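In what follows, a structure is listed as structure tokens, so that the remarks can point back to it.
The values are calculated or read from the model by the stated rules, or taken from the named source; none is laboratory data. This structure is a prediction, so every number in the text was calculated from the model and none was measured. Ideal geometry is used to build each Cβ from the backbone, glycine not excepted, and the neighbour counts take in all protein chains shown.
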Amino acid sequence: MPPRDARKYLFDIAQEAAQLSEFVSGKSLEDYLGDRLLQRGVERQFEIIGEALSQMSKLDPALAERVSDYRKIISFRNILIHGYADVDDELVWDIVETRLPTLRQEIVQIIADLKMSPELDSNRIDTGREPASNT
């Protein structure tokens, strides 16, 4: 199997971050603390985002460095995976509110800057725009 193009991880991150934003839309910290399913869903999305960044950083370190705090995001993923018993739910929610919007903006901008081609599955990214019509 040929190696995966590191840029495809950008779409994975964008997709998962968009899904995460949907999960928490209209929710409060109190909602989050009272809903184990929501907590697990949020944690899982962050795990996937962190893993995608980790893989991307191995294939293309310069690309990963364009994401601010990418090392912290990877570390956060590792805490969620390996230190699950010690996860601070209020910290997770703080990251949702303060860091997720920035991450989404950065990823969309990086994709735009790279002028990535359709074969990299650009229809999977949620940029807030409708996909181009094929008609």
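Got a sec? Which of Asp5, Asp35 is touching a residue at least 12 places away in the same chain (Cβ under 8 Å) and either surrounded by fewer than 15 Cβ atoms within 10 Å (Cβ to Cβ) or farther than 18 Å from Val96 by Cβ (or both)? First the steps, then the outcome.
On the way: Asp35 fails: touching a residue at least 12 places away in the same chain (Cβ under 8 Å).
Only one candidate passes the filter, namely Asp5.
Given the conditions (1) closer than 18 Å to Ile111 by Cα; (2) modelled with pLDDT of 95 or more; (3) of a type outside the set (A, V, I, L, M), and given that Phe23 satisfies all but one, which numbered condition is not satisfied?
(1)
If only one of Val67, Val92 is surrounded by 14 or more Cβ atoms within 10 Å (Cβ to Cβ), at pLDDT 95 or above and not in a helix (DSSP H, G or I), which one is it? Give the derivation first.
Details: Val92 fails: not in a helix (DSSP H, G or I).
After applying the criteria, what remains is Val67.
Of everything in the stretch 65-96, what is farther than 19 Å from Ile13 by Cα and among the aliphatic types (A, V, I, L, M)? Give them in sequence order.
Residues satisfying the conditions are Ala85, Val87, Leu91.
Tell me which residues, restricted to the stretch 11-28, are surrounded by 19 or more Cβ atoms within 10 Å (Cβ to Cβ) and either among the aromatic types (Phe, Trp, Tyr) or assigned to a loop (DSSP other than H, G, I, E, B) (or both).
If the condition is that a residue be surrounded by 19 or more Cβ atoms within 10 Å (Cβ to Cβ) and either among the aromatic types (Phe, Trp, Tyr) or assigned to a loop (DSSP other than H, G, I, E, B) (or both), then Phe11 is the only one that fits.
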